[in-house]
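The structure under discussion appears below in the form of structure tokens.
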Amino acid sequence: MNPNSLWLIPLSPFLGFLINGTVGRRLPRPLVTAIALFFTAVPMLLVLQLWIFMKAAGAPEAIHVLCGPWIQITGFTVPFGIAVDHLSLIMLAIVTGVGFLIHLYSAGYMAHEEGYWRFFAYLNLFMFFMSILVLAESFLLLFVGWEGVGLASYLLIGFYFTKDSAANAGKKAFIVNRIGDFGFLLGMFLLVAHFGSLSFNEVFASIATHPEYQGGFLTAIALCLVVGATGKSAQIPLYVWLPDAMEGPTPVSALIHAATMVTAGIYMVARCHVLFDRSPFALGVVAIIGAATAIFAACIGMVQHDIKRVLAYSTVSQLGYMFLACGVAAYSAGIFHLMTHAFFKALLFLSAGSVIHALSGEQDMRKMGGLRKRIPVTFWTMTMGVFAIAGIPPLAGFFSKDEILYQTFVSPNPIGKLLWLVGLATAGMTSFYMFRLWFKTFFGPERFDEHPAPADHAHKDAHDDAQAAHAHGVHESPWIMLTPLVLLAILSIIGGWVGVPAALGGHDEIGHFLDPVFVAPLVVAVDGEKAGHGLELGLAAVSVAVALLGFFVAYVFYYKRPGTLGKLAATSKLYPIVANKFYIDEIYNVVIVTPLLAFARLILEVLVDGGLVNGSGKLAGLTTIGLSNVTRKMQSGNIRSYAGWLAFGAACVIAVMIFARF
Amino acid sequence: MVPISWYLILAAILFSIGVGAFLIKRNVVTIFMSIELMLNAVNLTFVAFAHMWHQVQGQIFVFFVMVVAAAEAAVGLAIIISIFRTRQTLNVDQINLMKN
């Protein structure tokens, strides 16, 4: 394998973006599709080849491709290069693999949309930046990818830019992420100040050779990076953009806001684990943020009615899990969950898209129900996703979630047990709201409108073209959408088996695969073997019981006796608070947005616009008028006044000649 | 031997009187005379410097000035007469045709 072909992984989707973005408008749709799919299939195959190469005996643990210096200032150089190790390989596999499946799905889902070429150009652009992010060998290049996916995400969320809510959601995502990026940037500045380098290799090597570096400035750097990660990975307090991001087309929600981009924060923390390992405080912060986000978002997810919003809050919650894993220095568990989550969350979103497609744009679960028989393939694939995320063994979600809970429980973190309890409660809530979604959508009476008015239709241009297959009424999606669903369902079932822990008779292959990257985390003192398998099995049993409890509660309230919960909610004082998402958006609005806007208005409208711009304009005008008034008086037409001015001028010249000694 | 500065001071005084009269007087004929006064002041400096440097150019310039002044007087008087005929006044404050 030629290391230089690594460059093809990011560049190939970029090429697709260039072609579709420039001439896509004039190309027929099948050709646009072919271009978009081809340029995402290429990196997927390359990653596959890379995987085989790196799995092979004797393959290097990391491949570096350096292209010489990027920034060169006296005493400070940033090399331009990309690298692949086992961690980025897993990320790449997820990004390219899941990414390709979602491209395939989009070809079906977006088939009737305006701006088809634009959509695929953006998607390819996203793939380009995401692979840059993953492949980067320096903080700076990572940041380029980081910003790039933010841009692509902004473009895609605001894809329906004629809709106000979509445009606003795009802006919100962009702005909230900028706040996080501010932290990231500060972290980079601190890195430059302390290490004089932004290369991963150099920084981590420098830390490794200085065992005396503990806490202190490393904590500061780590905390700054965490701020960036909370923005990108939608953690408290910067999670607010992700639920709104559901305004984008559903494949976007699946690709960006579930499977890839939001995991960038987890990836970054895992990538910088050397920094975090030296700072128990920063790790603790990460763990607490993660656990708090997990349970907080799960709370909100339980009462949402929009099918995509339930999934969005679920994503926030699951990302909290991954943060929690990183926070207890169980990075490989976090990455494991990242991977399984990519499978089942992409699956869930895409099936939700298929449901929405079937109902011609309906997203409210209160208007669904009884869809089980109407769209059987979607039903079965989504069922796999629901069971996987709920943590029912032996599906993917069970193993990864359990690994995180176990690692949290045994971690030396002083509040590890509490965090575990939070995680466990979250697991139960996750199971509850996922089965709630499942029952409400697929079981019970049919509550949807069979022939919705075209105005309600999300696919705007809809059915006027002779699309016989896409007729009115509830219908199963075309094969091009179902194929990715089936593949992702299979992955959601078996995806977890690469991480079966020793306690359950497995080898934790993904953990060992990642061992070279997460070599000897210093904080983790308790070894799985030492604690014994009994504890691990017991904890697994507890979490399965909790998952089943969630299922049972959802079964009772949404299948057996629907309506009881409605009555309960009507009397409860807590319900409206949760249903309104704890008024966080409103609080942000009052505390941050409104004062900021007022301040900006003061600065811009009153001071700059009113004072500086208008003021200078008025000043110039008045000066001219004043001067012209004076000079106009000179133009009196009176010979003597001309002569007077002439004499005055001559006197001035003479005075200058005398006193300035020209 | 009278020093050159005396001549120059005299010329300056004459010139200033000319300028002052030019600015103050309203009668256009008087203004004309004050212009002649200024020209004579200049002529005086020319002659004084020519004498001081023992060169003839200054005196030649005086002739030029006198020629120009004579021509100016001829043309100027013609203009003054024609103005008087049209406007029945020689007050410059009322002769402001140049002003729009």
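The values are calculated or read from the model by the stated rules, or taken from the named source; none is laboratory data. Every value quoted in this text rests on a predicted model; they were computed, and no experiment measured them. Glycine gets a Cβ as well: all are built from the backbone with ideal geometry, and neighbour counts include every protein chain shown. For the accessible areas, the whole protein counts, side chains as well, though only heavy atoms, and no ligand, DNA or RNA atoms are used. Shrake-Rupley method; radii C 1.70, N 1.55, O 1.52, S 1.80 Å.
See the values below:
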quantity	calculated
Per-residue mean of C-beta atoms belonging to partner chains within 10 Å, peptide B:13-24	2
Sequence-separation-based contact order of chain B, relative, with Cα cut under 8 Å and 6+ spacing, percent	27 percent
Angle between chain A longest axis and helix A:29-55 axis [Cα atoms, degrees, rounded to 10]	70 degrees
Residue-wise HN-Hα coupling along the stretch A:4-15, computed from phi with Karplus coefficients 6.51, -1.76, 1.60 (Hz; x: Gly, Pro)	5, 6, 4, 4, 5, 4, x, 6, 4, x, 5, 4
Highest-first arrangement of B:61-68, A:247-254, where packing means the average Cβ count within 10 Å	A:247-254, B:61-68
Percentage relative contact order, the stretch A:1-153, counting C-alpha pairs under 8 Å, at least six apart	31 percent
Surface share of carbon and sulfur [accessible, 1.4 angstrom probe, percent] for chain A	71 percent
Zero-based 10 Å bins, Cα pair distances in the protein assembly as shown, whole percents	3, 12, 19, 19, 12, 5, 3, 3, 6, 7, 6, 4, 1, 0
Eligible lysines near A:Lys373 by straight Cα distance, threshold 21 Å, same-chain separation 8 or greater	A:Lys440, A:Lys560
Residues listed by number, the stretch B:31-55, amide nitrogen under 18 Å from B:Ser16 label point at 7 Å toward C-beta	B:34-35, B:37-45
Probe 1.4 Å, accessible area per residue of the stretch B:4-90, Å²	66 Å²
Per-selection metrics, chain B (Cα): Rg and Dmax in Å	16.6, 54
Shielding by partners - mean other protein chain Cβ count within 10 Å, residues of A:631-642	3
Mean-position separation - Cα centroids, the stretch A:251-266 and the stretch A:100-157, in angstrom	10 Å
Radius of gyration and maximum dimension Dmax of the stretch A:585-661, Cα, Å	25.8, 77
Heavy-atom accessible area per residue - chain A, 1.4 Å, Å²	41 Å²
Candidate lysines - alpha carbon under 18 Å from A:Lys581, same-chain residues fewer than 8 apart omitted	A:Lys172, A:Lys308, A:Lys573
Contact order relative to length of chain A, as percent, for alpha carbon pairs under 8 angstrom and 6 or more apart	12 percent
Net charge contributed by nearby residues that have their C-beta within less than 14 Å of A:Val303 (K/R +1, D/E -1)	+4
Segments A:588-601, A:494-507, A:318-331 sorted - mean Cβ within 10 Å per residue, highest first	A:318-331, A:494-507, A:588-601
Distance from the stretch A:595-662 to the stretch B:32-100 (C-alpha centre basis), Å	37 Å
Computed [θ] at 222 nm, helices only, for the protein assembly as shown once each DSSP H run of length n ≥ 4 contributes -39500 (n - 2.57)	-22000 deg cm²/dmol
The stretch A:135-251 - Rg (one decimal) and Dmax (whole number), Cα, Å	16.7, 56
